[in-house]
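Right, one structure below, let's go through it.
The values are calculated or read from the model by the stated rules, or taken from the named source; none is laboratory data. Computed from a predicted structure; not experimentally measured. Every residue, glycine among them, receives a Cβ derived from its backbone with ideal geometry; neighbour counts consider all protein chains shown. Remember, those area values only see protein heavy atoms, side chains included, never the ligands or the DNA or RNA. Shrake-Rupley method; radii C 1.70, N 1.55, O 1.52, S 1.80 Å.
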Amino acid sequence: MTTSHPTVTEEQSRQLREIVIDVLELEPEELTETSHFVNDHEADSLLAIEILARIEQDLDVEIPQDQLPEMVNLTGVRDVFARNQKGADQ
């Protein structure tokens, strides 16, 4: 069984990265694909919710809050965004 992975455009990826950098108040070089928001950047649950809210507002996608625990790094944010972007069309 093959699972299709929803794609995130380069522009969407850039926007997701900018949202995370802005909310966590980081320098661009501080954020890597796998740097952990809590452990590496001292984020708390309120900042995680703010990231989720900004993604919903700026990129017009609805993300259930129960997926918030997956959004621990930029890769997780991109995966959750892609899944919900695709799910919105189904």
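The C-alpha atoms of the chain define a longest principal axis, and helix 74-88 lies at about 30 degrees to it. Could you give the angle, 0 to 90 degrees to the nearest 10, between helix 10-24's Cα long axis and the longest principal axis of the Cα atoms of the chain? For 10-24 against the chain, the angle is about 40 degrees.
Remark: spin-label model distance Gln65-Thr9 equals 3.1 nm, labels positioned 7 Å along the Cα→Cβ axis. Computed over the chain, the P(r) curve from all C-alpha pair distances, binned at 10 Å from the origin, holds 16, 55, 24, 4, 0 percent per bin.
Element breakdown for the chain at a 1.4 angstrom probe: carbon and sulfur atoms account for 47% of the accessible area. Using the 1.4 Å probe convention, the accessible area of the chain works out to 65 Å² per residue with neighbouring protein chains retained.
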